[in-house]
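For reference, the structure is listed below as structure tokens.
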Amino acid sequence: MRFTGVPLAMDDAGNYVIKKDENGNFKLHTWRIGKHTRGHFHRIGQVFLTENRLRVAIVQDFSVSFNKRHRYTPMERFLDDYVDKKVIDEAESHLD
């Protein structure tokens, strides 16, 4: 599987928020489950770690054929954390 996700940061209250640049903008990126990815995907809004320890919220999920998997960056592991619905709604507003 591959996922469209949005990088996250923590606010002062310890809640996940979308990581934005100095202009208040953000970008969505694509990752895939790798051979050594730990954990399991449960639903949209779940948080995962990238190989660079960046926390990302899943906005969309897709199937990916085995021979096309190298087009996408592998992820490290799924977490048991989930973001609030308003974070997903904001990220979905940037989908094409």
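For the stretch 64-96, enumerate the residues that are part of a loop (DSSP other than H, G, I, E, B) and more than 18 Å from residue 37 (Cβ to Cβ). Give the steps one after another, and end with the answer.
At the first step, the residues of the stretch 64-96 found to be part of a loop (DSSP other than H, G, I, E, B) are 64-65, 72, 83-84, 93-96.
If the condition is that a residue be part of a loop (DSSP other than H, G, I, E, B) and more than 18 Å from residue 37 (Cβ to Cβ), then 83, 84, 93, 94, 95, 96 are the ones that fit.
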Which residue pairs have Cβ atoms closer than 7 Å, lie 6 or more positions apart in sequence or on different chains, and pair a first residue in the stretch 85-96 that is free of Cβ contacts under 8 Å to residues at least 40 places away in the same chain with a second residue that is hydrophobic (A, V, I, L, M, F, W, C) and surrounded by 10 or more Cβ atoms within 10 Å (Cβ to Cβ)?
-> 92/59
Give just the number: which of (1) in contact with a Gly (Cβ under 8 Å, 6 or more places away or on another chain); (2) loosely packed, with under 15 Cβ neighbours inside 10 Å; (3) aliphatic (A, V, I, L, M) does residue 9 not satisfy?
-> (1)
Looking at (1) under 17 Å from residue 93 (Cα atoms); (2) open to solvent by less than 20 Å² (accessible area, probe 1.4 Å); (3) free of Cβ contacts under 8 Å to residues at least 60 places away in the same chain, which is the only condition residue 4 fails?
-> (3)
When every residue in the stretch 69-96 that is acidic (Asp, Glu) and open to solvent by 50 Å² or more (accessible area, probe 1.4 Å) is compared, the one modelled with the lowest pLDDT is 96
Residue selected from the stretch 37-62 under the condition loosely packed, with under 11 Cβ neighbours inside 10 Å and charged (D, E, K, R), by the criterion nearest to residue 3 (Cα to Cα) = 43
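More than 16 Å from residue 33 (Cβ to Cβ), under 13 Å from the mean Cα position of the chain (by Cα) and in a strand (DSSP E or B), is that true of residue 61? Even if it seems obvious, please write down each step before you answer.
Numbers: more than 16 Å from residue 33 (Cβ to Cβ): no; under 13 Å from the mean Cα position of the chain (by Cα): yes; in a strand (DSSP E or B): yes.
Judged against the criteria, residue 61 is not a match.
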Any pair with Cβ under 6 angstrom, 6 or more apart, that starts in the stretch 24-46 at a residue that is under 15 Å from residue 89 (Cα atoms) and ends at one that is part of a loop (DSSP other than H, G, I, E, B) | 26/20; 28/94; 45/83
Only one of 34, 24 that is out of contact with any Gly (no Cβ under 9 Å at 6 or more places or on another chain), surrounded by 15 or more Cβ atoms within 10 Å (Cβ to Cβ) and not in a strand (DSSP E or B) = 34
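The values are calculated or read from the model by the stated rules, or taken from the named source; none is laboratory data. Quantities reported herein were computed from a predicted structural model and do not represent experimental measurements. Ideal geometry is used to build each Cβ from the backbone, glycine not excepted, and the neighbour counts take in all protein chains shown. Quick note on the areas: whole protein, heavy atoms, side chains included, nothing else; ligands and nucleic acids left out. Shrake-Rupley method; radii C 1.70, N 1.55, O 1.52, S 1.80 Å.
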